[in-house]
Amino acid sequence: MTQPRTTELDAHPYLRASTAGVRHHTRALTRSAPAALVDRTHLDVFHAHLTALHQLLNQLSESARPPHPAAGRHLATAHTRLWQATAAVHDAFHLLPIADETSPDTECHPERLPEGPPVLTICQRHLAAGHVVRRKTTPSDLKAPLHGHTTTCSQ
């Protein structure tokens, strides 16, 4: 049995849907009030999206590296930079106020682990992704500035 032939427009439908969703969400945010833009749940979902992109970029760089070493190196650099962005979103999540600050259960307790979603979820996800990053990158790579790598179009 032969595989059906897909056109370029049919390729990677889930990535196309994800991109369309991010674009739609961005347009919706520009129309809403600035005070309602960012909350912890919003950053948790965004962190999940970045983490999934990070995993995809990891797979792409691993696949591209043997046949196309230069492309693999660029994708590996993008992988590191995306991790830096993911870490910044994680940090921002913890700097935002908790939705209901009047509840005694939502007070900050640094001696305890965070309790329940989304706090525990984002931290578990971040630690799991961080484990992969530490196996593939050096501390100096992670501390490099975001603008440290430049490239020119070769076409």
Looking at the structure I just gave you, is Leu29 surrounded by 10 or more Cβ atoms within 10 Å (Cβ to Cβ), modelled with pLDDT under 75 and farther than 23 Å from Ala128 by Cα? no
Of these, Ala52, Ala70, which one is among the aliphatic types (A, V, I, L, M), more than 26 Å from Val22 (Cα to Cα) and at pLDDT 90 or above? Ala70
Residues that are modelled with pLDDT of 90 or more and either outside any helix (DSSP H, G or I) or under 29 Å from Gly130 (Cβ atoms) (or both): does the stretch 3-11 have at least one? no
If we keep only residues of the stretch 89-146 that are in a helix (DSSP H, G or I) and polar (S, T, N, Q), then the residue modelled with the lowest pLDDT is Thr106
Counted residues in the stretch 28-61 being under 18 Å from the mean Cα position of the chain (by Cα) and either part of a helix (DSSP H, G or I) or closer than 20 Å to Gln124 by Cα (or both) come to 23
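The values are calculated or read from the model by the stated rules, or taken from the named source; none is laboratory data. Predicted, not measured: the structure shown is a model, and the values here were computed from it. Note: ideal-geometry Cβ built from the backbone for every residue, glycine included; neighbour counts use all protein chains shown.
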